[in-house]
Amino acid sequence: MRVIVFGATGMVGQGVLRECLRVPDVTEVLAVGRRRTGQSHPKLRELVHGDFTDFTPVAGQLTGYDACFFCLGVSSVGMSAEDYRRITYDYTFAAARVLAEVNPGSTFVYVSGAGTDRDSRRAWAKVKARTEDDVIALPLRGYALRPGYIQPMHGVRTKVRWYGWAYAALSPAYPLIRRLLPKWTTTTEQLGRAMLALARTGAPIRRLEVPDINAL
């Protein structure tokens, strides 16, 4: 498979990129971002692009791929509703729309979040739900993953400082957290492997909660 990873410098994206580079059936990985990952690997190519609301200028460089793992995302804490909608919905749909045109029928996996619900009173949950719906409606094999607590593995780190402090404090307790809250916890490694499983064989459901992710 040839795969595209958006957000490869973020915590989830780092984990997904690692899994893609490790497996033999992925022959090429294109990391798309505003800056380079800083990694070097024979299978890794990078595309630096500034405007995440419009990928038509680079559509030719996105052609011929079997799957896209869209790992770009932000917390709504401290963000205006407009900024959050632009990053969460506009960026995701802009990428998915172009990929549906140049790679119709390919797999597109969007990292959403636990609690996503179009009927929620929480604005972020509605934005994510709309993103899921519109991506899945495109002529792609579209999936939405809804992780809860994600434990970084294998040296993967978050770019958000206070998240990093929290992960450092909670990491020793993760085995206990996993036993107490199995329906809410996963890891960057499991997320990456689940995405690859979706690209290989798909799944009978389009929106996957934590137990579904871990089962894959």
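The values are calculated or read from the model by the stated rules, or taken from the named source; none is laboratory data. Remember, predicted model here, so these are calculated numbers, not experimental data. Backbone-built Cβ (ideal geometry, glycine too); neighbour counts: all protein chains shown. Calculation scope for accessible area: heavy atoms of the full protein, side chains included, ligands and nucleic acids excluded. Shrake-Rupley method; radii C 1.70, N 1.55, O 1.52, S 1.80 Å.
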VAL23/ARG122 FRET efficiency (R0 45 Å; Cβ-Cβ; nearest 0.05): 0.80
Cα gyration tensor shape for segment 83-155, rounded if a/c is under 1.5, else prolate or oblate: oblate
Rounded percent of accessible protein surface that carbon and sulfur make up, segment 1-91, 1.4 Å probe: 51
10 Å binning of all Cα-Cα separations within the chain, expressed as whole percents from 0 upward: 8, 35, 40, 15, 1
Sequence-distant residues sharing a close amide H with ILE4 (under 5 Å, placed H): LEU30, ALA67, CYS68, PHE69
Label point distance in nm, ARG45-ALA81, each placed 7 Å from Cα along Cα→Cβ: 4.2
Other-chain or far-sequence residues with amide H under 5 Å of GLY148's (modelled H): ALA114, THR186
Karplus-derived HN-Hα couplings along segment 122-127 (A = 6.51, B = -1.76, C = 1.60, θ = phi - 60°), whole Hz, x at Gly and Pro: 7, 4, 5, 5, 5, 4
Segment 40-53 - phi-based ³J(HN,Hα) in whole Hz, Karplus 6.51/-1.76/1.60, Gly and Pro as x: 9, 7, x, 8, 8, 10, 10, 10, 8, 9, x, 9, 7, 8
Cα-centre dipole for the chain with unit charges at Cβ (Lys and Arg positive, Asp and Glu negative), debye to 20: 580
Where the chain is the region considered: accessible area per residue in Å², 1.4 Å probe: 48
THR107 accessible area, 1.4 Å probe, all protein chains in place, Å² to nearest 10: 0
For segment 3-119, the spread of Cα positions along each principal axis, largest first, Å: 41, 28, 26
Volume of the Cα convex hull of segment 1-40, divided per residue and given in Å³: 59
Approximate spin-label separation ARG35-ARG179, in nm, with each point projected 7 Å along Cα-to-Cβ: 4.1
Per-residue HN-Hα couplings for segment 21-29 [Karplus 6.51, -1.76, 1.60; θ = phi - 60°; Hz; x = Gly/Pro]: 6, 7, 8, x, 7, 9, 9, 8, 10
Neighbour net charge for ARG2 - beta-carbon separation under 11 angstrom, K R +1, D E -1: -1
